[in-house]
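Everything below concerns the one structure shown next.
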């Protein structure tokens, strides 16, 4: 049975590649990139080995190496939480109907994780711990043991965390909130690192203390070869026992989670909320207004839509940090351009609106909704909250940067980019359907196939937005370079008038395509929905 589960993992992966050429191409490039990363890691390790212990001591080599293990643990824990729908092996409920005993299911899932591409890649990178110490045979052996234990701990931690989320946090709204919240520090990590680069020397000084504290946690499995290389045999023995104990505890925990999943199968019930009225939809007297009200409700109640707003929160946070914490005049441009970036992303956000409807789009087909009503309803729903947010954000960032004299320029850029982006999305969302999470799925869910088409359509759509906004960007750049208030007014006028005109043209073109290819569009939506 264990061998069957291992083969099943690879069979599912291969079937995903067969269903989508784009997925296979993406996997090939990802593999090449990861191989390049592995090559650079071993190249750096060999370079360090060539230096004598007097130049770089074993303690100095070991401290950042131990932190590398902590990074892998974070990646293995956070990744499945955010993308828990990508692999059926992360949820024990998928195996309930097969009646597989725990003594076979758990080894099969764990060993399958160890020899999966991610497990092999993790082990290969962790194996650099066998290279850092030269021809010290004891340290080489300790590095191999640490790599095996580390990969096992990562796989088991992932299974335990996902199992806890499945059993304890069963409400989808709570789970989706956790996924979204976890992405915020990840998306801000690069900016935080740039802000902390001035203190990197101080961080290097306390690195050994941090590594010593991490060494006996589940994330400190790479400390074993460091201790052996330094001849700390007693500490190494204790450390090995502690790591083996962690593996045992995680195995027991995963076994308990699988048992609980089996016992609780089919008993989890979500609380039903009482419907008190139809809200804005009930007051809509035309198809366009009904779609407007429904789409507006989705922006605040559907996790798939609200998750797309996460990047806006991150960008605003970056602007506030730049204005309040960094307060550097040379970097004030970052805060000024953030409203334009927000406008660009908001304009792109409805490029998958028909895909988000999933099979519910059949209601549009059967009721004969006109394309112009559908396009206008979705655009107005976004402008209802997006345009006021853009104006307030532009004023706030310029006020914080003490550059309110540039308000006309930046406001023209923001409005122009927003309206032209909506124009492009109004056409592309009706013309090109690509996989999107269906209703009720995690906003971070990814299909087994179709990723290549998604990346292609999104890339071309975002490029088309830039090209469409050039008539607004050009006078805006001239206004910023020359400091001319006249060019600022020109930018504002072009942004509003040209943007509004292009938006109307985009709505008309998208509406005509919608009317002409409605049955084909619905068939495409059903096809991509089947990928999940």
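The values are calculated or read from the model by the stated rules, or taken from the named source; none is laboratory data. The structure presented is a predicted model; accordingly, all values stated were derived computationally and were not measured. Don't worry about glycine lacking a Cβ; one is built from the backbone with ideal geometry, like all the others, and counts go over all protein chains shown.
I'd like to know if the range 253-267 contains one or more residues that are outside the structural domain of residue 382 (by TED's automatic domain parsing) and modelled with pLDDT of 85 or more. The answer is yes; a qualifying residue exists. Residues that are assigned by TED's automatic domain parsing to the domain that holds residue 348, modelled with pLDDT under 90 and not in a helix (DSSP H, G or I) occur at least once in the range 509-525.
Based on this model, can you work out whether residue 418 counts as touching a residue at least 12 places away in the same chain (Cβ under 8 Å) and either more than 23 Å from the chain's Cα centre (by Cα) or in a helix (DSSP H, G or I) (or both)?
Details: touching a residue at least 12 places away in the same chain (Cβ under 8 Å): yes; either more than 23 Å from the chain's Cα centre (by Cα) or in a helix (DSSP H, G or I) (or both): yes.
The answer is yes for residue 418.
Residues that are out of contact with any helix residue (DSSP H, G or I) (no Cβ under 7 Å at 6 or more places or on another chain) and not in a helix (DSSP H, G or I) within the range 227-260 comprise 231, 232, listed in sequence order. With a requirement of 2 or more residues that are surrounded by fewer than 16 Cβ atoms within 10 Å (Cβ to Cβ) and at pLDDT below 85, the helices (runs of 4 or more DSSP H) lying completely within the range 123-217 that satisfy it span 172-195, 200-214.
Would you check if residue 481 is loosely packed, with under 14 Cβ neighbours inside 10 Å, under 20 Å from residue 417 (Cα atoms) and modelled with pLDDT of 90 or more? I'd like the intermediate steps shown before the answer.
Values: loosely packed, with under 14 Cβ neighbours inside 10 Å: yes; under 20 Å from residue 417 (Cα atoms): yes; modelled with pLDDT of 90 or more: yes.
So residue 481 passes the test.
Anything in the range 112-139 that is in contact with a helix residue (DSSP H, G or I) (Cβ under 8 Å, 6 or more places away or on another chain) and farther than 19 Å from residue 32 by Cα? List them, or say none. Answer for the range 112-139, where residues must be in contact with a helix residue (DSSP H, G or I) (Cβ under 8 Å, 6 or more places away or on another chain) and farther than 19 Å from residue 32 by Cα: 112, 113, 114, 129, 130, 131, 132, 133, 134, 136, 138, 139.
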